[in-house]
Amino acid sequence: MGRLQKKLVVKISEITKNCKSSRKQLSLSIVSLIISSMILISTTFCWYALSKTTGTASNVNLEVGNGLRINDLDSAMKDIKDHSYLLPASSVDGRNLFFPTDGTDFSTTTSAMTFRSANAGDRNYSYVQLDFNLTAEADYTSIYLQKDSIVDVKDDEKVLSSEDLVKIKNSIRTAIYYEGMDSPRVFTSLNNPQSTKAVKDIDRTTGKFLESDTQVAYPFNDYTFGKRQLAMLNKGETRPFSLIIWLEGTDSACVSNPVMLKQLEIKLTFTTSWDNTETIQFEDNTIASDGKSAVSEFLDKNPGYSLKLNYTNTSNKIKDLKFTMYRTSMENNKIWKCNIPSIFSNEISFQIVSDSDKNDIAYEWKVNESGEPTLNRSTSTRYICESFGENKCYGHWYDGDIEENGDGRDENIGDIDDGDW
């Protein structure tokens, strides 16, 4: 099912452009004849043709959130708008696409079919591939997908039954890949993960099927903020991404009737951890000899040092990511604030550190009065410094109503245990 069929599909679309009623019958009849003569429709896996009319660039919509920049996509959008169609292929992860070949494959199963590898001529012709760069503007920029992200097909001409349209949508696969990624992420616009036995490898000489593997396509919502992340970039880092869209011909939900002249709609928004931030407050309850907070006094006398929030995330290979705390005002010299992504909740400490050497830590708050760690803030956003001095820095995360209604310390059996005092 190579370029010969593709050209016939496109030609039929052009011939019947203004003949809606006869167009449907003629298109389906001719394409059905083509496919039948090739014997590519299987009782196990359905292979079908789907093309799209020339759309506008507005149908391809990629956006990015705070802390992220995307390169100019005008030329790539135009290429997709003017040339892209979708024809059935199969791939485990989108990197290696295989198309059924034209020929005489008298077969009833995918394993007995012959295939060819996708080549440069197929790109944005029989499948969609959009390459772009993302650049982070801040350290630890976690990248997610927005909840309304979707890759879909619209049946504007009402050629299909609603049941068939749903089945066709089930067969669309989208892969997102970036350089250095272990394996591309495959997506479906459905609400639940889809597992499909897809073509993994073929004989590059004969096209004979060699191996299949399980393709797992995840809902776009599985990679939204607070769930799985697509990638993590640091400040100034630019990474090449690829967006690959194809029709999974081995999807058992597909329909046997060929489908034509459907319009592909791409709406993907890349959001970041910086789209969802919280303000963290450090409150110094210690008093220096001049009536200021002790922390303020030290920083005023040592201009080469700053108060920092220190964040570490071992699983994401983040170590000692520091956020500068700023005083809210000179008059209110006991309170400092900074903004961090709201997902930062564990492995947080506060440090007075040299501006020129982040390893030169003069003071650090990471335990409470009892010596228990205060690295987990949970949902708290306010840290209260209770002691400032060499080897005597301690504090606790503010616990709202528990703290307002009592001192919260766990001194006697039966006291409220709020976990950080």
With a/c under 1.5 counting as rounded, go ahead and sort the range 168-215 into rounded, prolate or oblate using the C-alpha gyration tensor (a ≥ b ≥ c being the square roots of the eigenvalues; past the cut-off, prolate if a/b is larger than b/c, else oblate). oblate
Extreme residue, positive dipole direction of the range 127-186, given options TYR178, THR135, VAL153 (C-beta unit charges): VAL153
Would you mind checking which residues have amide H under 5 Å from LEU134's amide H? H placed 1.01 Å from N; only 5 or more apart, or other chain. ARG239, PHE241
For THR312 and SER111 in one chain, what is 0.36 nm times their gap in residues minus the Cα-Cα distance, to one decimal in nm? 67.5 nm
Residue-normalised accessible area of the range 300-394, given per residue in Å² at a 1.4 Å probe: 54 Å²
Starting from 0.36 nm per residue, how many nanometres of slack lie between THR206 and ASP360 once their C-alpha separation is accounted for? 49.0 nm
Just the number please: accessible area per residue for the range 130-257, 1.4 Å probe, all protein chains included, in Å². 44 Å²
On the protein heavy atoms, probe 1.4 angstrom, tell me the percent of accessible surface of the range 123-259 carried by carbon and sulfur. 41 percent
Given a 1.4 Å probe and the protein chains all in place, what does the accessible area of SER242 round to, in Å² to the nearest 10? 20 Å²
Give LYS267/LYS337; LYS227/LYS322; LYS208/LYS267; LYS267/LYS319; LYS235/LYS292; LYS292/LYS319 a once-over and call out the pairs whose C-alpha atoms are over 27 Å from each other. LYS267/LYS337; LYS208/LYS267; LYS267/LYS319; LYS235/LYS292; LYS292/LYS319
Using a basic spin-label model with each label point 7 Å from the Cα along Cα→Cβ, how many nm lie between ASP148 and GLU390? 5.9 nm
Mind giving me the nanometre distance, one decimal, between the label points for LYS267 and ARG69, set 7 Å out from Cα along Cα→Cβ? 2.8 nm
Rounded to whole Hz and in sequence order, give me ³J(HN,Hα) for the range 233-241 from the Karplus expression 6.51 cos²θ - 1.76 cosθ + 1.60, θ = phi - 60°, writing x for Gly and Pro. 10, 9, 4, x, 6, 10, 10, x, 10
Suppose every Lys and Arg Cβ carries +1 and every Asp and Glu Cβ carries -1, with no other charges. What dipole size does the range 212-255 come out with about its Cα centre, to the nearest 20 debye? 340 debye
Long-range alpha-carbon pairs in the range 124-234, meaning those over 21 Å apart, account in percent for 52 percent
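The values are calculated or read from the model by the stated rules, or taken from the named source; none is laboratory data. Keep in mind it's a predicted model, so treat the numbers as computed, not measured. All Cβ positions, even for glycine, are placed from backbone atoms using ideal geometry, and neighbour counts span all protein chains on display. These area figures cover heavy atoms from the full protein model, side chains too; ligands, DNA and RNA do not enter into them. Shrake-Rupley method; radii C 1.70, N 1.55, O 1.52, S 1.80 Å.
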